[in-house]
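First up is the structure itself, then whatever we jot down about it.
The values are calculated or read from the model by the stated rules, or taken from the named source; none is laboratory data. Computed from a predicted structure; not experimentally measured. No Cβ is skipped: glycine too gets one built from the backbone with ideal geometry, and neighbour counts run over all protein chains shown.
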Amino acid sequence: MSVCAGVFAVSCTRESSTRACTLQRESQLNQFLADVERRALRIAEIAVRDREEALDLVQDAMIKLVKNYAGRPNDEWTPLFYRILQNGIRDWYRRQKVRNRVMVWFGRGGSDDDEYDAVAQAPDLAGRTPDEEMQTGQAMQRLESAIQALPARQREAFMLRTFEGLDVAGTAVAMGCSDGSVKTHYSRAIHTLRDKLGEHWV
């Protein structure tokens, strides 16, 4: 084997090893995004009360995560993703506020209430009776209304801790605040929800 052939073999080995690592990394990132998608959509949907807008926010957050943070360690993806999503939700509220001011100026205020996606509201086929379905639906509506009524930071802390299962440190990274602030917002959210819904809910 010549020296040239030996160098070529080493560079090919490195290249194929790098390519394998890149493919593995992409696979891990795709799996992370698939795992987080439904929960993130639910969080965004409760926050903005519009399924299409929530889908856009989640997709934007996923694109930003891949574009800017794909090289970060896997355990950092969850708090980073939720921080990007929460920032997107805040930006959406700012844009809505400006839009509503402009529309009021031109004599049209408020937001357009589009039809809600019927497929997303399809009944659960778990064998429950219609009465049980109705009671569960009403209970979930009360819960969602109570969560939506929370102040934004309390809602963020509650949803990230409860729905996503992040610990205090991960929630603090996602919200961009201190651990103490997370504990305060979460505690206030829990007390407010217990007052509205009763002890058995939260």
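A few notes on this one:
- When LEU85, LEU29, LEU41, LEU57 are checked against the criterion of being over 28 Å from ARG142 (Cα atoms), part of a helix (DSSP H, G or I) and either within 13 Å of the chain's Cα centre (by Cα) or at pLDDT 90 or above (or both), a single residue qualifies: LEU29.
- Test for ALA118: is it modelled with pLDDT under 70 and not assigned by TED's automatic domain parsing to the domain that holds LEU41: yes
- So GLY71, is it modelled with pLDDT of 55 or more, surrounded by fewer than 11 Cβ atoms within 10 Å (Cβ to Cβ) and of a type in the set (Gly, Ala, Ser): yes
- For segment 42-68, a residue qualifies if it is among the β-branched types (Val, Ile, Thr) and surrounded by 14 or more Cβ atoms within 10 Å (Cβ to Cβ), and the qualifying residues are ILE43, ILE46, VAL48, VAL58, VAL66.
- Tally, over segment 163-198, of residues that are part of a helix (DSSP H, G or I) and of a type in the set (Gly, Ala, Ser): 8
- Looking only at segment 158-172, and only at residues there that are under 14 Å from the mean Cα position of the chain (by Cα) and crowded, with 19+ Cβ neighbours inside 10 Å, the one that is farthest from LEU193 (Cα to Cα): GLY170
- Taking segment 41-70 as the range and being in contact (Cβ under 8 Å) with a residue 40 or more places away in the chain and more than 16 Å from ARG155 (Cβ to Cβ) as the test, the residues that pass are ARG51, GLU52, ALA70.
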